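Encoded as structure tokens, the structure appears first; notes follow it.
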Amino acid sequence: MKRLTQIILLTTLIFNFLYSQALDGDRIKRNIFVLGRKIEQISILVERYKNDRAANLIKKAKNEFSTATNLLEQWFALPRSTRLRNTEKLATARVHYNLSNKLADQAARLLLFKPTANLKTELERLIHRAESAAHDGSDNSELRYFLNKARAFHREALNAFSHDQYLKGHEFLRIAVYFAEKTISLAQSGQQNGTRLQKFEEQNKNIQILLNEALRFSTENDVIKELQQNAQNYLKRAKQAYNNGKLKRAYSQLRIAERLAYRIIDLAGNKNNSLEEKVKEDYQSLGRYLSSVRSELESSGQRSKLLDKADQLYTKAGHYISSAQYQKAATNLKLSQRMGLRAFKKTSSSSRPDVESLQSRLNEVQHLLQLQEGVLSSQKNDANNLLYGQADKFFNDAKRAYSQQSYAQTAYLLNLSLRILNRNEKVLKQKPQNISSQKIEKDLLRIERVFSRLNTNPSLDAKNKIKLNYLAELLEKARREFDTKNYIVSAELLFIIQQQISTMLNN
């Protein structure tokens with residue numbers, strides 16, 4: 001029995017050793033990837049500052065990096081059973097990696113010593129101003145968030161410098177400067193719309209820098225990668241809107257990108273904290289993120305069950321924090337973040353109406369209505385007049401929705417009005433045709449069954465329910481016209497309804 005126990009213990013030790021070697025190999029591979037990016041950054045600085053000593057150091061760092069990479073590739077190329085027993089190549093790769101990393105840090109110190117000293121002085125001055133601004137500011141909670149971030153990244157920078165990690169420290173300093181300046185500008189503007197008067201290019205550049213800096217010290221987190229992609233998409237939208245002269249929309253998109261950048265910073269920047277500190281910081285940060293997603297949805301007339309679920313999980317996490325159950329809180333926050341991301345993804349991909357273009361679309365549809373009214377006044381055609389009347393009704397509904405700032409509703413009503421006008425234009429140009437009443441009745445019954453199923457579908461969101469109500473109005477009209485043997489109007493309305501339902505279901 002004793003011998004059996006010894007065999008089991010020895011087997012376990014061997015297994016743990018081999019498993020640790022596999023993990024070590026993967027760890028070195030990740031570290032080498034990060035080091036490669038760092039060497040590229042320092043090489044760019046060498047070109048900028050023209051420092052020969054630093055250039056020589058980075059050249060040596062590249063040589064050591066190349067050796068480490070080759071040894072690691074050779075180790076991974078070995079058969080698995082041989083690889084896990086062959087520690088020599090892995091150990092040597094680690095030695096060359098460490099030397100390369102040390103040389104790169106020395107080069108960074110030479111290049112950034114003076115710029116860092118200047119930046120430190122500037123940051124200390126800005127933090128002092130930010131502390132005064134936050135003390136005098138009206139929205140203390142928001143200002144404190146930015147000020148705390150400035151202080152936290154200042155501490156991270158000093159810690160990095162104490163370990164001779166000058167590139168990382170310099171990046172932390174730049175982020176700290178961003179948050180200190182944000183504290184000051186927010187306090188001075190009083191969070192009024194006057195911030196829109198700042199130059200678009202400057203704001204856009206600052207947010208882009210913030211995103212780039214955040215990713216440099218967190219490349220392995222899939223959530224952060226997705227948030228980064230979302231933020232980049234909103235920066236592109238902001239740029240497009242700005243180039244088209246739509247300033248309100250441009251700044252709105254910039255604000256969303258900025259919020260996403262803050263979430264990335266929060267997730268990436270609290271690695272060294274205790275579980276309690278991490279959970280509490282994440283709780284505050286996620287609350288701001290979910291709030292921005294909610295605002296984005298509501299501004300486009302949308303609701304999301306995913307976001308409702310995210311809020312429920314977030315609230316539950318708050319209860320766990322209150323009772324010091326931090327592990328449970330962390331789990332709920334992670335699930336809430338996942339639900340929030342899915343809701344945000346749906347929001348980002350949805351066709352949100354451009355508020356500034358809606359007025360021009362209203363004018364365009366009104367012009368088309370006037371033109372068609374002129375044509376119809378010289379013709380006596382009941383079918384055309386009936387279709388025109390429905391288009392005119394939806395146009396007036398769109399104007400009312402616009403005046404009530406229901407922009408998504410306005411856009412959809414204008415779309416329906418335009419579709420009916422286009423079908424009416426087609427009927428005007430066609431010669432009278434024989435229409436099969438049996439086919440129309442068959443289509444009518446089929447679409448009515450579809451409506452019955454959709455009306456009892458619990459997963460239909462609020463946005464699509466509004467659309468369905470307008471289509472139901474058209475369906476009732478199609479039924480009435482069929483019953484009075486006005487088959488042309490009924491057929492045209494059913495055609496429009498079918499198109500709209502197909503689009504709704506596909507999306």
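In the range 209-250, of all residues being in a helix (DSSP H, G or I) and basic (Lys, Arg), the one that is modelled with the lowest pLDDT corresponds to ARG216. When the criteria are applied in full, LEU112 fails the requirement of being more than 20 Å from SER162 (Cβ to Cβ) and of a type in the set (A, V, I, L, M, F, W, C).
For the range 369-383, the set of residues classified as part of a helix (DSSP H, G or I), surrounded by 14 or more Cβ atoms within 10 Å (Cβ to Cβ) and at pLDDT below 75 consists of ALA383 only.
Screening SER185, SER162, SER189 for residues that are closer than 24 Å to LYS246 by Cβ and either open to solvent by less than 30 Å² (accessible area, probe 1.4 Å) or modelled with pLDDT of 80 or more (or both) leaves exactly one candidate, SER185.
Would you please name the residue that is modelled with the lowest pLDDT, looking only at residues in the range 251-285 that are hydrophobic (A, V, I, L, M, F, W, C) and closer than 24 Å to GLN325 by Cβ? That would be LEU267.
Exactly one residue out of LEU143, LEU147, LEU112 is over 31 Å from the mean Cα position of the chain (by Cα) and buried (at least 21 other Cβ atoms within 10 Å of the Cβ), and it is LEU112. Looking at GLU64, GLU73, just one residue is of a type in the set (D, E, K, R), open to solvent by less than 70 Å² (accessible area, probe 1.4 Å), part of a helix (DSSP H, G or I) and modelled with pLDDT of 85 or more, and that residue is GLU64. Residues considered: GLN500, GLN438, GLN405. Of these, the only one that is open to solvent by less than 60 Å² (accessible area, probe 1.4 Å), of a type outside the set (A, V, I, L, M, F, W, C) and either part of a helix (DSSP H, G or I) or out of contact with any strand residue (DSSP E or B) (no Cβ under 8 Å at 6 or more places or on another chain) (or both) is GLN500.
The values are calculated or read from the model by the stated rules, or taken from the named source; none is laboratory data. Keep in mind it's a predicted model, so treat the numbers as computed, not measured. Cβ sites come from the backbone with ideal geometry, for glycine too, and all protein chains shown count toward neighbours. Surface accessibility is based on the protein's heavy atoms, side chains included, excluding ligands, DNA and RNA. Shrake-Rupley method; radii C 1.70, N 1.55, O 1.52, S 1.80 Å.
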